[in-house]
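Structure first, then comments.
The values are calculated or read from the model by the stated rules, or taken from the named source; none is laboratory data. Everything numeric in this text was worked out from a predicted model, so none of it was measured. As a convention, Cβ positions derive from the backbone with ideal geometry for all residues, glycine included, and neighbour counts pool all protein chains shown. Note: accessible area is taken over every heavy atom of the protein model, side chains too, but ligands, DNA and RNA are not part of it. Shrake-Rupley method; radii C 1.70, N 1.55, O 1.52, S 1.80 Å.
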Amino acid sequence: ILRLKWRYPKGTEKPNSGVILHVTGGDQVWPNSVEIQLKSGFAGDFWLNANTDGKLPTLQHDRKDQGDKTNRHYLRVEAKEPYEKPLGEWNECEISCKGGDITIRVNGNLANEAKVCSLTKGRIALQSEGSPVEFKEIEMKRLK
């Protein structure tokens, strides 16, 4: 389980960030990995930054984004109210990985789940994609 808090400063243009899991391979712009999107308005989406072996074959609630021709983008669960807090306020993300299963919670709300992901180990990276972002209270706990 990985827990962290993040926020974008007020007035940030195009706030975009993420947590990249199961990073394998060399130093490249988009390493073989699974990204948990923290982009403002999209926190909890999955993005596959993977070679042909990277798969999220079973998503709960069938939320695959049919508009993405690469089949790399998987939408979060639709929420009645926004998952995220306004710019400048701290948000919390909890990512649970057990074998090939990944569960994402944003501010306590179930945001996404995947079962039998083919990527199950590797490094973890925090991403800033062209905008300022702040992280704090990053902690990990091993599942039994």
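Looking only at residues in segment 88-108 that are over 14 Å from the mean Cα position of the chain (by Cα) and open to solvent by 50 Å² or more (accessible area, probe 1.4 Å), the one that is nearest to residue 142 (Cα to Cα) is 98.
For segment 109-142, filtered to residues that are among the basic types (Lys, Arg) and more than 20 Å from residue 40 (Cα to Cα), the residue that is surrounded by the most Cβ atoms within 10 Å (Cβ to Cβ) is 115.
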